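Engineer: What follows is a structure written as structure tokens; I'll ask about it next.
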Amino acid sequence: MGKEGYTRILQNLRETARYLAEQLSELDELEVLRSGDLTPSVIIKLKNEERFNSADLVSALAVYGWIIPAFSSPANAEHVNVMRLDVKEQFNGEETGRFFLRTVGRITQGKKTIDDLEQGFSAIADPLTMDWEFHGNDEPMRTLILVSKMDHCLEDLLYRQRKGELHIDITAVVSNQLDCRSSVERSGLRFVHLPVTPYNKLQQEQALRAIIEETQTSLVVLARYMQILSDQLCQELYGCAINIHHSFLPGFKGAKPYHQAYERGVKLIGATAHYVTTDLDEGPIIEQAVQPVDHTHTPDDLVAVGRDTETVALARAVKLHSEHRVFLYGNKTIIFR
């Protein structure tokens, strides 16, 4: 990297750090959001096209739950307290030339708001071609669930949400079947029946759009929803719709995939949670789960193991997305756990 490029990188980072330090000077205390800590906080996600290494990062930023004033020279790196810098929360993609950062801070009650931060930060980030997001963590993510006949993923999500494991607010459960209606309504949730046929598919998708808009839903979860969404709807929901798919090595398509796996004598049963795209079951992967099996497993045994892997992978994916830990980049994801 040339001297001019290095200087530009440090200047970009200093501008970002200076803004946040000024805006958050009223913070009573800064600390990293711990697992399960759902007190009011704000999450910032940054992506930049500039290319630099970890040494540049350490010299440019000191992180104590937030970005605070930057240092101007690599010589100052030894004076930077990086004990609170979580290396899992930043990633410098050597191949892509993109830098990814996620950090969490707590805003003192009655002081700065996310709107205040966004209004000022855009003036700094936009000239730097930086993709950025601010997210409040005091409100659960509004989530709509799509389901068909199989209820294991739905029931698992409902249970985890009740126990506080998932920071989501379920706005409705929509299904093309009636099998899950009683379970959903017993949970005190809204159930919407939208039966789908080849003749009314587009009409029912329009009804689904209306429900998403009405409920101000931010995340759509396909919990074994056995309908293929139209390309148009997939594009509209890009980055905010998660599907669960049975995945094997090798892959088995068509009916009764677990029976096909039995016939081939597979040794691993797996599931993949991914974002919905127009390429069926090939969207950016968020989470995968596998379990070992052997020759003693019957087809019914494999189905049971498959249910377990599907619930685990989907729940983890929903948790990661709802906590704003996933960065989409092309057909891949960058995930800060």
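Engineer: Pull out the extension gain between residue 308 and residue 162, defined as 0.36 nm times the separation in residues minus the alpha carbon to alpha carbon distance; nm, one decimal.
Structural biologist: 50.7 nm
Engineer: Output the relative contact order of segment 141-335, whole-number percent, from Cα pairs under 8 angstrom with separation of 6+ residues.
Structural biologist: In percent, rounded to a whole number, it is 21.
Engineer: Now for a separate question. At a 10 angstrom cut-off on C-beta neighbours, averaged per residue, how do the peptides 287-298, 222-233 rank from highest to lowest?
Structural biologist: 222-233, 287-298
Engineer: Would you mind putting 200-210, 305-315 in packing order, based on average other-beta-carbon counts within 10 Å, highest first?
Structural biologist: 305-315, 200-210
Engineer: Moving on to the next point. How would you rank 321-329, 136-144, highest first, on the average number of other Cβ atoms within 10 Å across their residues? Can you show the working numbers first?
Structural biologist: Details: 321-329: 20.2, 136-144: 17.6.
In descending order of packing, they fall as 321-329, 136-144.
Engineer: Please report, in whole Å, how far the alpha carbons of segment 141-335 spread along each principal axis, starting with the longest.
Structural biologist: Answer, in whole Å and largest first: 50, 37, 36 Å.
Engineer: Which of 319, 163, 332 has the fewest other C-beta atoms within 10 Å, and how do the rest follow up to the most?
Structural biologist: 163, 332, 319
Engineer: Suppose each label sits 7 Å from its Cα in the direction of the beta carbon; what would the residue 192-residue 133 distance come out to in nanometres?
Structural biologist: 2.2
Engineer: State which entries of 163/332; 149/201; 267/332; 163/256 exceed 29 angstrom in Cα-Cα distance in the structure shown. Present the calculation step by step, with values, prior to reporting the outcome.
Structural biologist: Details: 163/332 31 Å; 149/201 18 Å; 267/332 27 Å; 163/256 33 Å.
In this structure, 163/332; 163/256 exceed 29 Å between Cα atoms.
Engineer: Further question: At what distance in nm do the modelled label points of residue 337 and residue 116 sit from each other, each positioned 7 Å from its Cα along Cα→Cβ?
Structural biologist: Label-label distance for residue 337 and residue 116, simple model: 3.7 nm.
Engineer: Of 193, 150, 166, which is farthest along the charge dipole of segment 145-254 in the positive direction, counting Lys and Arg as +1 and Asp and Glu as -1 at C-beta?
Structural biologist: 150
Any read-out appearing in this document is the output of simple, stated calculations on the displayed coordinates, not a laboratory observation. Model, not experiment: these values are computed from the prediction. Note that each Cβ is placed from the backbone with ideal geometry, even for glycine, and that neighbours are counted across all protein chains shown.
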